[in-house]
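Asker: Once you've had a glance at the structure underneath, I'll fire off some questions.
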């Protein structure tokens, strides 16, 4: 049997479900048994991640480590975390569990490079915590790519609004807000926008947004990395 | 923390992902932490279920019991199995694991009753194995409801075709086939049709079928039962 993939999810649940579906969509399978064997741990009862990073709120790290240990107990071979913000604790989670984690921002940046065009600047839609933790900026800078984000007022009105809306199931409201945020970035001259929060593709997919072809879906990029891992491991 | 729900999935993977999404959609939550904590075990590397029931093929039961034991190791409080055919082994799976399982056909039949109209006959779209195992017929007969299925030739041309198509990701083809099968049942005078195979709502949802309001989605019915269990258990 192919080696098991673990998914540390629940941050939030709909983004986890979206990742699971995209993992299946990205797998070249004709029958059930050709799909990636996977354990999804989706336990959202933990402190809020953004507040922990930006305002010194209670840390979700012990809860996330408990999830990693549960996945380890079932002998997964590697782990995907369909939440960009959670990658603030990437090193600690790998270290505490002894399990390798496929990094979502590495996957998204690889996807950007695969698209081929030499873009000097790329837009980024994500949480305040993902900006503060420099999860994308440093990786892109290493390839000479500048990261463009919306001004704070737009991030609050559109990005944070959309993330909260997805978490309460209001996908249409969320989708329209994210389209506006993306449009403002395109107006500022970027060719592509990274959807660097896993709630965002859920919203844009729900409204079948015309902006999607110009967006890098970090969730789908991570799913592709997982399929590649699984095919190599089996 | 609310008690953990376990999901024994992988039969097939897309149906498991569909159940996971519907579990989230059916939860009255405004924030991440109000969602049901869940472990999804989706390991599709096991013998095919329909052939085991209808043609004495290799049994998938040992693999399914291994999945139940993995869920038990993580201390889930009850289990949902988003596959109707797998309920052929419902008693054995409960007995071997000591874990209660919410029965998908009970959930679908409850949903039919909640719709209120006193229907003497209801249509059923499902695998040959679900028909052979009488998973729906006996339950419906207990309430004086007759179960109407398509003739064998239609089941092979439309229902089995659609299930295989979902498993290889051809959702549009599957959706059109299932719409045809449902239309033939409506022509025979039933008011409602039970989608008694979890691949089928995936296909009808994908094409946003006009038949959906007259269908009972057993996957969504099971998701609702799970949410009710979780709310009662927390």
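The values are calculated or read from the model by the stated rules, or taken from the named source; none is laboratory data. What you are looking at is a predicted structure, and each value in this text was computed from that prediction instead of being measured. Here the Cβ is made from the backbone with ideal geometry for all residues, glycine too, and neighbour counts use every protein chain on show.
Asker: Assuming residue A:141 fulfils every condition listed in (1) modelled with pLDDT under 95; (2) within 20 Å of residue A:24 (Cα to Cα) apart from one, which condition is it?
Answerer: (2)
Asker: Within segment A:54-71, track down each residue that is more than 11 Å from chain B (Cβ to nearest Cβ) and in contact with a strand residue (DSSP E or B) (Cβ under 9 Å, 6 or more places away or on another chain).
Answerer: Selection gives A:64, A:68.
Asker: How many of the residues making up segment B:18-28 are within 7 Å of chain A (Cβ to nearest Cβ) and either in contact with a strand residue (DSSP E or B) (Cβ under 8 Å, 6 or more places away or on another chain) or modelled with pLDDT under 95 (or both)?
Answerer: Within segment B:18-28, residues that are within 7 Å of chain A (Cβ to nearest Cβ) and either in contact with a strand residue (DSSP E or B) (Cβ under 8 Å, 6 or more places away or on another chain) or modelled with pLDDT under 95 (or both) number 1.
Asker: Can residue B:41 be described as farther than 30 Å from residue A:64 by Cα and in contact with a strand residue (DSSP E or B) (Cβ under 8 Å, 6 or more places away or on another chain)?
Answerer: Against the criterion (farther than 30 Å from residue A:64 by Cα and in contact with a strand residue (DSSP E or B) (Cβ under 8 Å, 6 or more places away or on another chain)), residue B:41 does not qualify.
Asker: Which residues, taken from segment A:73-91, are out of contact with any strand residue (DSSP E or B) (no Cβ under 8 Å at 6 or more places or on another chain) and either under 18 Å from residue B:72 (Cβ atoms) or assigned by TED's automatic domain parsing to the domain that holds residue A:131 (or both)?
Answerer: A:73, A:75 - these are the residues of segment A:73-91 that are out of contact with any strand residue (DSSP E or B) (no Cβ under 8 Å at 6 or more places or on another chain) and either under 18 Å from residue B:72 (Cβ atoms) or assigned by TED's automatic domain parsing to the domain that holds residue A:131 (or both).
Asker: Still on this structure, I have one more. Let me confirm something: among A:51, A:15, which residue is more than 7 Å from chain B (Cβ to nearest Cβ) and in contact (Cβ under 8 Å) with a residue 40 or more places away in the chain?
Answerer: From the options A:51, A:15, the qualifying one is A:15.
Asker: Does residue B:201 fit the bill of being modelled with pLDDT of 95 or more, surrounded by fewer than 16 Cβ atoms within 10 Å (Cβ to Cβ) and within 22 Å of residue B:82 (Cβ to Cβ)?
Answerer: The answer is no for residue B:201.
Rundown of residues vs (1) touching a residue at least 60 places away in the same chain (Cβ under 8 Å); (2) within 18 Å of the chain's Cα centre (by Cα); (3) not assigned by TED's automatic domain parsing to the domain that holds residue B:24, yes/no style:
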site: B:168; (1), (2), (3): no, no, yes
site: B:180; (1), (2), (3): no, no, yes
site: B:196; (1), (2), (3): yes, yes, yes
site: B:208; (1), (2), (3): no, no, yes
site: B:212; (1), (2), (3): no, yes, yes
site: B:228; (1), (2), (3): no, yes, no
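Asker: From the list A:55, A:95, which one is over 25 Å from residue B:41 (Cα atoms) and not assigned by TED's automatic domain parsing to the domain that holds residue A:128?
Answerer: Going through A:55, A:95 in turn, the sole match is A:55.
Asker: For segment A:136-147, state whether one or more residues are within 14 Å of the chain's Cα centre (by Cα), under 23 Å from residue A:222 (Cβ atoms) and assigned by TED's automatic domain parsing to the domain that holds residue A:197.
Answerer: Yes, there is a match, as at least one residue in segment A:136-147 is within 14 Å of the chain's Cα centre (by Cα), under 23 Å from residue A:222 (Cβ atoms) and assigned by TED's automatic domain parsing to the domain that holds residue A:197.
Asker: Another question about this same structure. Does segment B:34-44 contain any residue that is at the interface with another protein chain (Cβ under 7 Å from one of its Cβ atoms), closer than 21 Å to residue A:45 by Cα, touching a helix residue (DSSP H, G or I) at 6+ places or on another chain (Cβ under 8 Å) and free of Cβ contacts under 8 Å to residues at least 24 places away in the same chain?
Answerer: Yes, that holds for at least one residue.
Asker: Here are B:159, B:190: which of them is more than 14 Å from chain A (Cβ to nearest Cβ) and closer than 22 Å to residue A:35 by Cβ?
Answerer: The unique qualifying residue is B:159.
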